[in-house]
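Reading through the structure tokens given below for one structure.
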Amino acid sequence: MRSTARLVLGAASLAALLTVALAVPGGMPLPSSDRASSVISSEGAEELTEPDDWMFAQRTFPTDELPARAFERAVAQAEVLEQQTAEQDPALAAAEWGLVGPTNIGGRVVDLAVDPTTPGTVFAAVATGGVWKTTDGGTTFSLAWPTDLSPSMGAIAIASNGTLYAGTGEPNNGGGSIVYGGTGVYRSTDKGATWEYVGLGDSGTIGRIAIDPTNPSRIFVAAAGDLFRPGGERGLYRSLDGGDTWQLVLAGANPTTGAIDVAIDPTNPQRVYTAMWDRVRFPDLRVYGGLGSGAFRSTDGGGTWTLMQGGALGLPAQSMNLGRIGLAVAPSDPNRLYAVVILTNGSFEGFYLSPDAGVTWVKLPTGTSVASSQSTFGWWFGRLWVDPVNAAHVFMAGVPMSESLNAGLTWASVTGLHADQHAMGWDPSTTGRVYLGNDGGFYRSDTNGASWTEATYQPFTQFYSVDVSEQDPARVVGGSQDNGCLRSWGGTDWNGYGCGDGLATLISPANQDQYYGCSQYGSCGRYGGGSFGSTTSTRRGWFTPLVFDPSDPNVMYYGGNRINRSTNGGGAWTAISADLTGGPGRDTQYPYGTMTTIAASKSDPSTIYLGTDDSRLWVTHDLGGSWTRIDGDPVLPERWVTRVAVDPADASTAYATFSGFREGAKDAHVFRTADGGETWEAIGAGLPDAPVNDVVIVGDALYVATDVGVYRGTEGLEGTEWLKVGANLPLIPITDIRYQAGTDSLFAATFGRGIMRVALP
């Protein structure tokens with residue numbers, strides 16, 4: 001049964017609670033500190049662009065939904081192709097993919113588990129990179145996750161006996177990896193060497209895992225549910241036998257409500273707290289809150305629950321405006337409970353303190369700095385952490401990390417960190433040591449958060465793009481999620497050369513000292529050769545295509561909703577088309593109706609193909625004087641066009657690839673025309689039923705990058721036959737591939753494991 005606790009606080013009660021908030025253990029007032037400031041630091045100032053849904057929109061257009069278990073089915077199909085490759089072409093199957101880099105940049109760490117028995121050992125759950133382990137206090141990391149399991153991570157926790165539990169499926173709404181729901185909860189009894197599935201396979205995403213510190217077999221899992229469809233296994237689950245069986249102990253108020261956070265009182269494990277979050281996502285509508293959102297309390301170990309509310313000054317009542325809630329218990333004073341509340345629109349609602357284990361609450365006057373730290377996407381964070389020895393020392397996740405030394409009355413922005421904070425944990429074996437995870441990777445502080453040091457080896461960057469110098473294969477660039485445009489030269493290690501989120505990146509094929517980088521929505525720069533000129537477009541996509549003409553390295557093309565051409569390497573641009581899309585679409589906040597791919601012919605420079613995010617293909621044979629829409633052949637799907645490639649020897653032969661999970665469709669995302677686009681044939685039969693993100697032509701073979709591997713297509717007796725390239729490529733979306741002729745190698749941009757390379761057999 002659920003009941004509602006209501007409390008109206010008068011002035012005297014508020015004053016009393018503020019006195020509690022200002023007190024440290026022992027009742028002495030906190031000293032002032034130069035860390036107490038209400039000014040948002042410059043760290044993260046350029047990171048206020050909202051996490052984008054580009055990958056989601058690309059993979060679900062135009063149906064607005066992701067088929068249930070689509071990713072798992074595609075993985076199973078990929079495994080079949082891997083076996084076929086081993087039988088038919090052992091050399092191709094044995095080709096080894098190796099890491100090119102970077103190892104020093106990092107990527108989004110969504111949760112941490114600090115080993116309570118082994119000093120310096122920490123497990124990091126990486127957004128789309130699986131689980132990683134450090135044994136040296138976070139200086140370096142090694143992989144502790146199988147390559148054949150879902151790489152999308154949501155939560156990780158370690159029991160007092162050393163058993164690890166990992167929940168798959170990232171619950172943070174944005175940044176790409178939300179496309180891939182998790183496959184449940186996994187357990188490791190050997191510190192990450194091996195893992196076994198233990199249930200909740202239909203949970204979609206996991207928000208948090210909490211383990212009873214006095215009983216390692218008693219576990220709570222906050223199952224947030226699938227973001228894109230109602231139902232499934234969502235709510236708060238409990239296991240009393242170490243994960244062998246699960247019981248739903250708190251269901252959501254409706255089919256879109258799941259659990260996002262859970263915390264246990266360490267001194268009284270029968271006292272459990274959880275936050276429920278009502279959410280669902282469509283391409284043109286975010287519903288990141290609702291009547292099911294709220295914070296709950298149990299005093300009997302999860303048997304019964306009470307909705308925690310506090311009237312005018314307490315936690316807000318359930319409403320359509322109530323979004324994500326984060327909870328934290330103060331370990332040194334377990335009666336003290338904190339909460340951060342985010343509204344449906346992503347804005348900060350308030351920070352709350354309860355001095356009596358959630359019975360009564362007060363909203364503290366945080367000022368503008370904390371609200372600003374959440375920007376307009378507080379649903380991306382929603383987490384709190386409390387110093388284990390000081391109940392008034394609190395950290396709040398946001399674009400910058402916010403820190404309070406007086407229980408939330410005043411806040412300072414923590415400096416020296418990458419933007420977008422997600423995870424934190426103290427090392428019980430080392431006084432003052434605390435670990436942190438954010439979109440830039442892993443950090444360690446040995447001064448209890450006063451200063452931070454970043455890990456030096458963390459090879460799990462999410463890449464959108466890759467390019468390689470034709471003269472020097474060691475010179476590589478790539479565009480990365482929330483880590484800018486990166487290059488492999490110009491320093492002792494990989495380094496950034498601009499951009500916010502890094503998207504399109506290029507190296508001039510004729511001059512490797514001239515290179516390019518684009519931020520989200522087509523803001524591009526030219527490096528080593530003058531400035532990037534102004535382009536003409538009304539709308540520009542998250543990933544705006546920028547390409548060279550293969551017949552002339554001085555000629556470039558850029559696509560918003562109009563295609564632009566440059567004859568001087570990007571210094572000046574001229575529009576050579578009208579709007580070739582069907583945009584702007586239903587969602588005015590995000591610019592749908594944009595170009596996604598451009599391909600110029602090497603054998604006939606007057607011929608150019610292009611594709612859009614609303615399934616349109618176009619071709620010109622007179623350098624943009626006139627354009628013909630390729631729409632007369634019914635075989636082409638209504639899907640997001642990911643790439644077009646033109647046969648270097650024949651302008652009439654081209655290939656088009658499409659995104660979207662296809663629910664078993666036999667056309668499998670790859671099409672070919674031999675007559676300049678008038679007719680097309682599907683040649684992807686036999687590929688896994690997953691998005692194809694890129695295609696390159698190497699001699700008589702095609703190589704395609706998909707969400708579940710890289711494949712080679714060659715002509716056989718029964719059409720195009722597909723085999724998998726290498727068996728050791730992580731099970732992770734390959735967003736871009738490049739062929740480097742000098743080394744006869746493929747370079748792959750992975751969305752979570754950096755840039756990888758394979759020598760073709």
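The values are calculated or read from the model by the stated rules, or taken from the named source; none is laboratory data. Here the structure is a predicted model, which is why all the values come from computation and not from measurement. Quick reminder, even Gly has a Cβ in these numbers, built from the backbone with ideal geometry, and neighbours come from all protein chains shown. Areas reflect the complete protein model, heavy atoms only, side chains present, ligands, DNA and RNA absent. Shrake-Rupley method; radii C 1.70, N 1.55, O 1.52, S 1.80 Å.
General remarks:
- Folded to 0 to 90 degrees: helix 70-88 orientation relative to the chain principal axis, Cα: 50
- Separation in nanometres of the label points that stand 7 Å from Cα toward Cβ, at R69 and N568: 6.0
- Cα gyration tensor shape of the chain, rounded if a/c is under 1.5, else prolate or oblate by comparing a/b with b/c: prolate
- For the range 542-683, a/c is not less than 1.5, where a ≥ b ≥ c are the root eigenvalues of the C-alpha gyration tensor, and a/b does not top b/c. That puts it in the oblate class.
- For the chain: relative contact order, % (alpha-carbon pairs under 8 angstrom, 6 or more apart): 12
- Take the Cα of D136, step 7 Å toward its Cβ, do the same at D552, and the gap between the two points is 5.2 nm.
- Ranked by solvent-accessible area (1.4 Å probe, protein heavy atoms only, all chains present), the residues L99, L66 order from largest to smallest as L99, L66.
- Rough spin-label spacing in nm, given labels placed 7 Å along Cα→Cβ, for E715 and A575: 4.1
- Radius ratio Rg over Rh of the range 405-563, counting only Cα atoms, Kirkwood formula for Rh: 1.10
- Among Y352, Y457, Y197, the sequence by solvent-accessible area, most first, with a 1.4 Å probe is Y197, Y457, Y352.
- In the chain, excluding the sites themselves, the longest stretch lacking any of the GluC sites (Glu not before Pro) that are in a DSSP loop with at most 14 other Cβ atoms within 10 Å is 97-637.
- The overall shape of the range 237-276, judged from the alpha-carbon gyration tensor, is oblate: a/c is not under 1.5, and a/b is no greater than b/c.
- Each semi-axis of the equivalent ellipsoid for the range 146-225 is √(5λ) with λ an eigenvalue of the Cα gyration tensor; in descending order they amount to 21, 14, 10 Å.
- Helix axis angle, 11-22 relative to the chain longest principal axis, alpha carbon, degrees: 70
- At an R0 of 35 angstrom, the distance between the Cβ atoms of T189 and A649 translates into a FRET efficiency of 0.05.
- When the helices of the chain are scored as -39500 (n - 2.57) per DSSP H run of n ≥ 4 and the total is divided over every residue, the value at 222 nm lands at -2000 deg cm²/dmol.
- For the range 173-251, the set of trypsin sites (Lys or Arg not before Pro) satisfying both a DSSP loop assignment and a count of at most 15 other C-beta atoms within 10 Å is empty.
- Largest accessible area first, the listed residues R757, R286 line up as R757, R286 when surface is computed with a 1.4 Å probe on the assembled protein chains.
- Value of relative contact order over the range 641-761, rounded to a whole percent, pairs C-alpha under 8 Å and six or more apart: 16
- Solvent-accessible surface (1.4 Å probe) assigned to H621 amounts to roughly 100 Å².
- Accessible area per residue for the chain is 33 Å², calculated with a 1.4 Å probe on protein heavy atoms, without ligands, DNA or RNA.
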